[in-house]
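The values are calculated or read from the model by the stated rules, or taken from the named source; none is laboratory data. All values reported here derive from a predicted model rather than from experimental measurement. Virtual Cβ from ideal backbone geometry, glycine too; neighbours counted across all protein chains shown. All accessible areas refer to the heavy atoms of the entire protein, side chains included, with ligands and DNA or RNA removed. Shrake-Rupley method; radii C 1.70, N 1.55, O 1.52, S 1.80 Å.
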Amino acid sequence: MSVFSLIVRRRLVLVLLLSASLFACKQGPDKAEIIQLEQSYQTLLEANGPSSQREEMMVLSQQLADTYEAYVAANPGDLESVDFLYKASEHLENPLNKPEKAIEVLDKIATEFPEHPRAADAMFRKGYIYHNTLQDLDKAKIAYNEFIQKYPDHQLIPSAKFEVEFLGIPTDELLERLPVNAEKSDNDSVLSE
């Protein structure tokens, strides 16, 4: 183990201990704690990449998801609450592999903050998780159609319509169906993303 990895590991343990003691002393975390955890996560990610130090990454990712949710519970009116919930859903989906829990958090955004710009993103992402992570095509179709109905002018509408139209078709088969030199359409932009 390199000296740098040892320093990162010690820093991670210190952050975890500090966070645990602060949680015990008050209602919820503050933004400074969140920033510290995010910096620790980013440092670990940059130092080791996403595949190494997996155990520390998982622990820190779970702590971030929990901290985001605890902050929102303690500060429901804060304007950053929605962004923190969205970040929690990202950690829950990957790397924590808790897609059902990620969907619960995305549903919370869509129902409790329906006018926030992230609400539309949350509804689209819910369809994405059902489709690509859980392979539940029926629920994916429902989620995408709810998104289309609720946010008909959103920039992701062409992507959602494309997903509904071609739901369940393997990528290689889908590529065979689409014309190679067709003029650019809304659907083509989805394939290049």
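Cβ-Cβ contacts under 8 Å between residues 6 or more apart (or on different chains), taken from a first residue in the stretch 30-49 that is farther than 22 Å from ASP78 by Cβ and free of Cβ contacts under 8 Å to residues at least 60 places away in the same chain to a second residue that is of a type in the set (S, T, N, Q) and surrounded by fewer than 17 Cβ atoms within 10 Å (Cβ to Cβ), are listed as ALA47/SER5; ASN48/SER5.
On the stretch given as the stretch 44-79, residues that are farther than 15 Å from HIS91 by Cα, modelled with pLDDT of 90 or more and polar (S, T, N, Q) total 1. Among the residues in the stretch 122-138, are any crowded, with 20+ Cβ neighbours inside 10 Å, out of contact with any Cys (no Cβ under 6 Å at 6 or more places or on another chain) and closer than 17 Å to LEU64 by Cα? No, there is no match, as no residue in the stretch 122-138 is crowded, with 20+ Cβ neighbours inside 10 Å, out of contact with any Cys (no Cβ under 6 Å at 6 or more places or on another chain) and closer than 17 Å to LEU64 by Cα. Sub-6 Å Cβ pairs linking a first residue in the stretch 92-108 that is within 15 Å of GLY127 (Cα to Cα) to a second residue that is in a helix (DSSP H, G or I) and of a type in the set (Ser, Thr, Tyr), at least 6 apart or interchain, are PRO99/THR133; ALA102/SER89; VAL105/SER89; LEU106/SER89, ordered by first then second residue. Residues that are open to solvent by 40 Å² or more (accessible area, probe 1.4 Å) and farther than 27 Å from PRO152 by Cβ do not occur anywhere in the stretch 112-121.
When the stretch 145-167 is filtered for residues that are without any contact (Cβ under 8 Å) to a residue 24 or more places away in the chain, surrounded by fewer than 16 Cβ atoms within 10 Å (Cβ to Cβ) and not in a helix (DSSP H, G or I), the ones remaining, listed by number, are PRO152, ASP153, GLN155. Need the failing condition index for ILE142 against (1) in contact with a helix residue (DSSP H, G or I) (Cβ under 7 Å, 6 or more places away or on another chain); (2) of a type in the set (A, V, I, L, M); (3) not in a loop (DSSP other than H, G, I, E, B), just the number. All conditions are met except number (1). Somewhere in the stretch 120-137, is a residue acidic (Asp, Glu), closer than 21 Å to PHE162 by Cβ and within 12 Å of the chain's Cα centre (by Cα)? Yes.
Residues that are open to solvent by 70 Å² or more (accessible area, probe 1.4 Å) and either of a type outside the set (A, V, I, L, M) or over 21 Å from GLN27 (Cα atoms) (or both) within the stretch 38-76 comprise GLN39, GLN42, GLU46, PRO50, SER51, ARG54, GLU55, ASP66, PRO76, listed in sequence order. One residue alone among LEU106, LEU12, LEU18 is modelled with pLDDT under 90, of a type in the set (A, V, I, L, M), in contact with a Leu (Cβ under 9 Å, 6 or more places away or on another chain) and surrounded by 12 or more Cβ atoms within 10 Å (Cβ to Cβ), and that residue is LEU12.
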